[in-house]
Amino acid sequence: MKSLTVLDPQSPEARAIYHLAIVSGIIFGLIFIIVAGMIVFALMRYRWREGAADPNQLAGSKTVEIVWTLIPCLIVVALFLLTWQTMGASDPPAPATPDIVITGHQWWWEARYPKSGVVTANEIHIPAGTPMAVQLESADVLHEFWVAQLTRKMATVPDHPNHIWIQSDQPGTYLGVCSEFCGTQHAWMHFLVVAETPEQFAAWEKAQLAPAKIPASGSAAQGLALFQEHSCMNCHAINGTAAAARIGPDLTHFASRKILGAGVVENTPANLRRWLTDPQQIKPGVKMPDYKFSEAQVSQLADYFETLQ
Ligand code: CUA
């Protein structure tokens, strides 16, 4: 289930934030009802009437002054304590070594797992039930990492790593977004967080670590040759080939991912062909240029990328 709702928290961190929002909402609601109620009461009870005498005039009352100073002070103190408690629960201290380093790019996300060496893009896998320490970085401008059901928001700042915890109670797929305006395609900077059982997660990591298979012949082999002849290698990496650049998403296991162009379309063979034909048509402003490949070339490249499971 993919959703951006904060009303269905799926981790201890998100639940703490949700509870704070609900309790604060109730307090603000009560304040509104009491204040608005008193105004309405005063309007009805003390309105001017033909022939009626003025109501009792009251000037200066120490008791009233103390009461209306003390009550707001107590409310602020209570909200402060609740917030403090939530901050402790939603933002525990960062460990020395992160489990995942996530880098915001215009307009996609890179995820590196320093402990295993896995590198992927726009699809972050985690083992359900285990808190994962995330270090957030930016390759260019300010972005903001947000998975509404699992975490608080956190900005990615160039040259200033930030930290956050990500955790999911149970296996599931959760939608993440960039929530800081970062340029033309800010709206299409989505990502998925895939929480799996520890066994599934271990299997995923193992599969992601394997180098890409080199097709021996046929259309896919021609696609790989095209990939290496053109400037694709200046931006992308495919483990097992000479391509090792980090400008664009790592494509080693591209075909195992569910979304293309940071969520702008699903990763299907048809969409991949459209993307290779002209990425600007699908995601205007994307850093990948239109190479004006022929239909045959698009097919060869797509056939190759489909082997990158
Ligand atoms: Cu990245 Cu908005």
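The values are calculated or read from the model by the stated rules, or taken from the named source; none is laboratory data. Nothing here was measured: the structure is a model prediction, and the numbers come from that model. Counting neighbours? That spans all protein chains shown, and the Cβs are built from the backbone with ideal geometry, glycine included. Heavy atoms of the whole protein, side chains included, go into the accessibility calculation; ligands, DNA and RNA do not. Shrake-Rupley method; radii C 1.70, N 1.55, O 1.52, S 1.80 Å.
A few comments on the model shown:
- Considering only Val286, Pro93, Ser61, the residue lying farthest towards the positive end of the dipole of the chain is Ser61, judged by Cα position with unit charges set on Cβ.
- Sequence-distant residues sharing a close amide H with Ala121 (under 5 Å, placed H): Ala111
- The chain, accessible surface, carbon-and-sulfur percent (1.4 angstrom probe): 64
- Length gained when the stretch Gln309-Thr197 is fully extended (0.36 nm per residue, less Cα-Cα span): 38.3 nm
- The region of the chain that goes longest without hitting one of the trypsin sites (Lys or Arg not before Pro) in a DSSP loop, each with at most 13 other Cβ atoms within 10 Å, is 116-212.
- Potential lengthening of the chain between Lys115 and Ala139 amounts to 6.5 nm, from the contour at 0.36 nm per residue minus the alpha-carbon distance.
- Charge dipole (debye, nearest 20) of region 218-305; +1 at Cβ of Lys and Arg, -1 at Cβ of Asp and Glu: 260
- If only the Cβ of Lys and Arg carry +1 and only the Cβ of Asp and Glu carry -1, the dipole of the chain around its Cα centre is close to 480 debye.
- Global geometry of the chain, whether rounded, prolate or oblate, following the gyration tensor of its Cα atoms and the 1.5 cut on a/c: prolate
- Low-density loop cleavage sites - chymotrypsin sites (Phe, Trp or Tyr not before Pro) in region 18-118, where at most 14 other Cβ are within 10 Å (DSSP): Tyr46, Trp48
- Projecting the Cα atoms of Ser231, Thr268, Ala302 onto the charge dipole of region 218-305 (Cβ charges, centred on the Cα centre) puts Thr268 farthest toward the positive pole.
- Structural descriptor for the chain: relative contact order 16 percent, calculated from alpha carbon pairs under 8 angstrom and at least 6 residues apart.
- For the chain, the solvent-accessible area with a 1.4 angstrom probe is 54 square angstrom per residue.
- Listed residues Thr241, Ala195, Ile39: farthest to the positive end of the dipole of the chain (Cβ charges): Ile39
- Fluctuation leader among Ile34, Ile124, Ile259 - the chain, Gaussian network, Cα springs under 10 angstrom: Ile34
- A crude spin-label estimate for the pair Thr69 and Ala207, with each label 7 Å from Cα along the Cβ direction, gives 6.7 nm.
- Cα shape, region 218-305, gyration tensor, a/c 1.5 rule: rounded
- For the pair Phe32 and Arg49, the difference between a 0.36 nm per residue extended length and the Cα-Cα distance amounts to 3.3 nm.
- Lysines with Cα under 17 Å of Lys206, excluding same-chain neighbours fewer than 8 positions away: Lys115
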